[in-house]
Amino acid sequence: MDLSEARLSQVLGVRPFQFFPQIGSTNDQALAWLSAGAPPGAVVLADEQTKGRGRLGRSWFAPPGTALMFSYLLCPSPQQLTYVGMVGALAVCEATERLGLSPGIKWPNDVWLDGRKLSGVLPEAAWHGENLVGVSLGIGVNIRIDFAATPFAETAVSLETVVGALDRADFLASILVRLDFWASRLSSDQLFEAWRSRLIVLGQQVSISGLSGIAESVDRHGALLVRDSSGTLQRVLAGDIALGQVREN
Ligand code: BTN
């Protein structure tokens, strides 16, 4: 067991954190903690989630002991909300690069390795009326999930299959260093450029939400700009990209 309260205390030092062997969703707990006054930089971590959420209304599941699943708290301004997901993808990417690997970001904020999904992020905001209390940046990383007999056998990858045995607490600490770095640079050119330069879809033929074309660029808010067959530049804010001409279900 590479995750425990004691081990996390060792690697997280003075950072406020909550660890749960099992919880519904770390994002739910983090949002509740935010409303109760948790500081930015605090972390909620679980070894297993029974109601883990993914993007676009999907669920996110990993057997106990096989993934890194946590929520990192930030207090951005409403104008900075659009950058929070970038921070998550970038931090995971950089921590993975530190292992000697070459991951990339599949728009908007999935981290891909060797043509498969390694990690996903789900930022969720807590509001009191019109006031933004903060954001829970949920991050899931496949560490040692066996995808062989699952529908994700061809589309997902676990980090340990590429680098060998990995200590989850150490890898978490490595991601947190980068989360702290970028969280203090939200909406900076430096953040935008670091995220943009890792995007793996630019210049490629893509299909997204019934639209096909060339993913030409991204704008400053992270929207994808796709040149469709009529030559019109379409702005896409959210969705799942398929590379090539494949249409989504
Ligand atoms: C995605 O790729 O669809 C995003 C997945 C995000 C999963 C993480 S695991 C920790 C946090 N808590 C959740 O319920 N979801 C996020």
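Let a ≥ b ≥ c be the square roots of the eigenvalues of the Cα gyration tensor of region 1-96; is it rounded (a/c under 1.5), or, if not, prolate (a/b larger than b/c) or oblate? The shape class here is rounded. Out of every Cα-Cα pair that region 85-186 contains, those further apart than 17 angstrom amount to 53 percent. Can you grab the distance from the C-alpha centre of region 1-70 to the C-alpha centre of region 82-110, Å, no decimals? Cα centroid of region 1-70 versus Cα centroid of region 82-110: 19 Å apart. Think of a 1.4 Å ball rolled over the protein heavy atoms: the chain then has 44 Å² of accessible area per residue. To put it simply, the accessible area of region 90-249 at a 1.4 Å probe is 50 percent carbon and sulfur. Taking 7 Å steps out from each Cα toward its Cβ at residue 101 and residue 149 produces label points 2.4 nm apart. Principal semi-axes of the equivalent ellipsoid, √(5λ) from the alpha carbon gyration tensor of region 43-92, are 23, 13, 10 Å from largest down. Could you state, as a whole-number percent, how many of the C-alpha pairs of the chain are farther apart than 32 Å? Value for the chain (Cα pairs over 32 Å): 19 percent. Against the chain, whose longest principal axis comes from its Cα atoms, helix 26-35 is set at around 70 degrees.
The values are calculated or read from the model by the stated rules, or taken from the named source; none is laboratory data. Source: prediction; values computed, not measured. All Cβ positions, glycine included, derive from the backbone under ideal geometry; neighbour counts span all protein chains shown. Surface accessibility is based on the protein's heavy atoms, side chains included, excluding ligands, DNA and RNA. Shrake-Rupley method; radii C 1.70, N 1.55, O 1.52, S 1.80 Å.
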